[in-house]
Amino acid sequence: MSKFYDWDKTMSYQTGTNGEICLVLGAKDIGKTFGLRKKCVERFIKHGELFCEICRTNAERDEVMAGYFDKLQYEGFFTEYIFKIERKSGYIARKPIDEKEKPVWRLICYFVALTNFQREKKRTYKQVKRFIFDECVIDTKDRYHRYLKDEFLILANLLDSISRQQPGSDYQYYCYLLGNAVDL
């Protein structure tokens, strides 16, 4: 994929100081998800900023976790790194030069299901800077997926719980709600 949504431009407009929500709706296949995932990995490598992938249900979360970083590497990005998913968290390590050398794994992201809100808010999160809620808009013609009861309230409470655990009072986070342009 040579072209994808311009996340650098979108992020340049973000100037909030107490958490900011950014809604990005666009045509399918313009690289919204791919580009943001790539940008989050870049931001972790450069600045140590962790991110969190938010899903509606446990089943959706498990599907999203499987192969989460595969397309990035398939497309030729981050080839000097290796990734793994373990216990609802993503990890990154530089590829060892020697076969005998063990990778030094670093936490890069969390995976959260909104249906587990009560459990998730008890979990300890560290330095989460960006939250991604992909497919936040459900097409009315989709008979297999539905919004959760009080979904936005649950999302707002989850963001509040996670960000409250951050060190320092001036902590700034960003939440990205991604979706395809659909008939509402």
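The values are calculated or read from the model by the stated rules, or taken from the named source; none is laboratory data. Keep in mind it's a predicted model, so treat the numbers as computed, not measured. Cβ coordinates were reconstructed from backbone atoms using ideal geometry, including for glycine residues, and neighbour counts include every protein chain displayed. Note: areas computed on protein heavy atoms with side chains; ligands, DNA, RNA excluded. Shrake-Rupley method; radii C 1.70, N 1.55, O 1.52, S 1.80 Å.
From largest accessible area down, sort R61, R37; use a 1.4 Å probe on the protein chains.
Numbers: R61 20, R37 45 Å².
Per-residue accessible area, sorted high to low, gives R37, R61.
Which shape class applies to the range 41-100: rounded if a/c is under 1.5, otherwise prolate when a/b exceeds b/c and oblate if not, where a ≥ b ≥ c are the square roots of the Cα gyration tensor eigenvalues? Could you put the intermediate results ahead of the total?
Working: a/c = 1.92, a/b = 1.63, b/c = 1.18.
Prolate is the answer for the range 41-100, as a/c is 1.5 or above and a/b outweighs b/c.
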On the full set of protein chains, 1.4 Å probe, figure out the accessible area of T115 and give it in Å² to the nearest 10. 70 Å²
Would you compute, from DSSP H runs of 4+ residues alone, the mean residue ellipticity of the chain at 222 nm, taking -39500 (n - 2.57) per run and dividing by the full residue count, rounded to the nearest 500? -8000 deg cm²/dmol
Which value in nm describes the separation of the simple spin-label points at V104 and H145, placed 7 Å from the Cα toward the beta carbon? 3.9 nm
With a cap of 15 neighbouring Cβ atoms within 10 Å, and only residues DSSP puts in a loop, list the GluC sites (Glu not before Pro) found in the range 52-161. E75, E80, E99, E101
Expected output is a single nm value to one decimal: the length gained when fully extending between N157 and A59, i.e. 0.36 nm times separation in residues minus the C-alpha distance. What is it? 33.2 nm
Taking amide H positions as placed in the peptide plane 1.01 Å from N, state which residues far from G31 in sequence (5 or more) or on other chains have amide H under 5 Å from it. Y5
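Report the equivalent ellipsoid semi-axes for the chain in whole Å, largest first, defined as the square roots of five times the eigenvalues of the gyration tensor built from alpha carbon atoms. If you can, show how the numbers build up before the last one.
Values: eigenvalues 131, 83, 61 Å².
Over the Cα atoms of the chain, the semi-axes work out to 26, 20, 18 Å.
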Selected from C55, T15, I108, residue furthest toward positive end of dipole (the chain; charges at beta carbon): I108
Scalar couplings 3J(HN,Hα) for the range 117-125 by Karplus 6.51 cos²θ - 1.76 cosθ + 1.60 (θ = phi - 60°), nearest whole Hz, x for Gly and Pro, are 3, 4, 6, 5, 6, 8, 6, 8, 10
Can you work out ³J(HN,Hα) from phi for every residue in the range 104-116, in order, using Karplus 6.51 cos²θ - 1.76 cosθ + 1.60 and θ = phi - 60°, giving whole Hz and x for Gly and Pro? 9, 7, 10, 5, 10, 7, 10, 10, 10, 10, 4, 5, 9
Rounded, prolate or oblate: which fits the range 3-78 when a ≥ b ≥ c are the square roots of the eigenvalues of the alpha-carbon gyration tensor, with rounded for a/c under 1.5 and prolate only if a/b beats b/c? rounded
Applied in sequence order to the range 49-66, the curve 6.51 cos²θ - 1.76 cosθ + 1.60 (Karplus, θ = phi - 60°) yields integer Hz couplings, x standing for Gly and Pro, of 7, 7, 9, 9, 9, 9, 10, 6, 10, 4, 4, 5, 4, 5, 5, 5, 4, 5
Taking H placed 1.01 Å from N in the peptide plane, check which residues at least 5 places from C22 or on another chain put their amide H under 5 Å from its amide H. C175, Y176, L177
